[in-house]
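S.K.: Got a structure for you, questions after.
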Amino acid sequence: MLLRTLSIASILTLAWSMPGVAAQCDNEIVRVFAPTSELVSRVCTVVERAETRLESCALRQSRALVIRVSDSPNQFELMGHFGTKNNEIGLLSPNDLAAVLSSNSAYREIDMEQLFDSIVVHELAHAFFANTPCGIETCLAGHEYISFALQFWSLEEQSREAIISALPTSSVVGIEWFTDERLTESPEVFAANAWLHFSQPGFGCGFIKAIVAGDAVFPSEDE
Ligand SMILES: [Zn+2]
């Protein structure tokens, strides 16, 4: 999930097992490779549902995007990743997700197919946000804030609450809390806090638009 592993992770994609089925989603922009046709259509359905929501937050995709679903965990055991170089998303299939989750992961509170769908949204948000002037190197915390907020938005309320209540989050934090350091320390706590911040009245898509426009800036590493 973390962008700092992207370059290595995207090279690894090439070594993943050859997928069984390939298809273009109806939007003509996303092409999916997956072990089964069910997974291909599952991904396309999530993409179509997410696109409207991302567009409402000023995140759009115009370049061709490839999504590869693998049933073999990569070396870094990532649930998903996005590579900017080839504009490609790699995902682990729902059946293989549990194997890469830590034993105390809050994501174990929900169904793995739901988790998979939410990771599709997470990585899509990275891909769409990468089309904006805010680069990954300068906007790492911003990137993950957007991806986690939209990932949690895509979950059913009950699942979202199950994840959040399994994590040590108390009250809503301010933008200065979202540092690269805290992201590395605990991506799950960062994710839950991103959702709690994003879902406050007056934030939501308006806040994402402010990040995209460069009006909302996350703390830099030396602050
Ligand atoms: Zn991410």
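S.K.: Using alpha carbons only, how many angstrom separate the centre of region 142-202 from the centre of region 19-88?
M.R.: Centre-to-centre (Cα) distance: 23 Å.
S.K.: What shape does region 81-187 take by its C-alpha gyration tensor, where a ≥ b ≥ c are the square roots of the eigenvalues and a/c under 1.5 counts as rounded, a/b above b/c as prolate, and the rest as oblate?
M.R.: oblate
S.K.: Further question on the same structure: To make sure I understand, if each residue's beta carbon is the centre and we count other beta carbons within 10 Å, what order do Ser199, Ser171 fall in, fewest to most? List each step's numbers first, then the result.
M.R.: On the way: Ser199 14, Ser171 6.
Lowest count first: Ser171, Ser199.
S.K.: Would you mind ranking Ser56, Ser70 so that the residue whose beta carbon has the fewest other beta carbons within 10 Å leads the list?
M.R.: Ascending number of Cβ neighbours within 10 Å: Ser56, Ser70.
S.K.: Pull up the DSSP beta bridges for the chain and report the antiparallel fraction as a percent, rounded to 5. Intermediate results must be reported in sequence, preceding the final value.
M.R.: Working: 8 of 17 bridges.
Taking every DSSP beta bridge with both residues in the chain, the antiparallel ones total about 45 percent.
S.K.: For region 170-183, in order, what is each residue's ³J(HN,Hα) by Karplus, 6.51 cos²θ - 1.76 cosθ + 1.60 with θ = phi - 60°, in whole Hz (x at glycine and Pro)?
M.R.: Result, rounded to whole Hz: 10, 10, 5, 9, x, 4, 5, 6, 7, 9, 4, 4, 5, 5.
S.K.: Work out the length of the dipole vector of region 21-100 about its Cα centre, built from +1 on the beta-carbon of each Lys and Arg and -1 on the beta-carbon of each Asp and Glu, and round it to the nearest 20 debye.
M.R.: I would put it at about 240 debye.
S.K.: Considering amide H positions built from the backbone, and no H for Pro or chain starts, which residues 5 or more places from Val21, or on another chain, come under 5 Å of its amide H?
M.R.: The answer is Ala34, Thr36.
S.K.: Moving to a separate point now. Taking amide H positions as placed 1.01 Å from N in the peptide plane, with prolines and chain starts having none, which residues 5 or more places from Ser70, or on another chain, fall under 5 Å of its amide H?
M.R.: Leu91, Leu92, Ser93
S.K.: I need Trp177, Trp153 ordered by Cβ neighbour count within 10 Å, fewest first.
M.R.: Placing the least packed residue first, the sequence is Trp177, Trp153.
S.K.: Sticking with this one: Treating the beta-carbon of each Lys and Arg as +1 and of each Asp and Glu as -1, no other charges, what is the dipole magnitude of the chain about its Cα centre, to the nearest 20 debye?
M.R.: About 480 debye.
S.K.: Relative to the Cα centre, what is the charge dipole magnitude of region 40-157, using +1 at the beta carbon of each Lys and Arg, -1 at the beta carbon of each Asp and Glu, and rounding to the nearest 20 debye?
M.R.: My answer is approximately 400 debye.
S.K.: Tell me the net charge near Leu54. Cut-off is 13 Å between Cβ atoms, Leu54 excluded, with +1 for each Lys or Arg and -1 for each Asp or Glu.
M.R.: Net charge around Leu54: 0.
S.K.: Could you give each residue of region 33-49 its phi-based ³J(HN,Hα) in whole Hz, using Karplus coefficients 6.51, -1.76, 1.60 with θ = phi - 60°, and x for Gly or Pro?
M.R.: Using θ = phi - 60°, the values come out as 10, 8, x, 9, 5, 4, 5, 4, 6, 4, 5, 4, 4, 5, 4, 5, 5 Hz.
S.K.: Could I ask something else about it? By DSSP, what percent of the beta bridges with both residues in region 8-107 are antiparallel, rounded to the nearest 5?
M.R.: The antiparallel fraction comes to roughly 45 percent.
S.K.: Using amide H atoms built in the peptide plane, which far-off residues or other-chain residues are under 5 Å from Ala130 H to H?
M.R.: Excluding prolines and chain starts, which carry no amide H, there are no hits.
S.K.: Which residue, Val21, Pro187, Phe148, has the largest displacement toward the positive end of the dipole of the chain when charges sit on each Cβ (Lys, Arg +1; Asp, Glu -1)?
M.R.: Going by the Cα projections, it comes out as Val21.
Read-outs throughout are calculated quantities, based only on the coordinates presented, and are distinct from any laboratory measurement. This one's a predicted model, so the numbers in the text were calculated from it and none came from an experiment. Don't worry about glycine lacking a Cβ; one is built from the backbone with ideal geometry, like all the others, and counts go over all protein chains shown.
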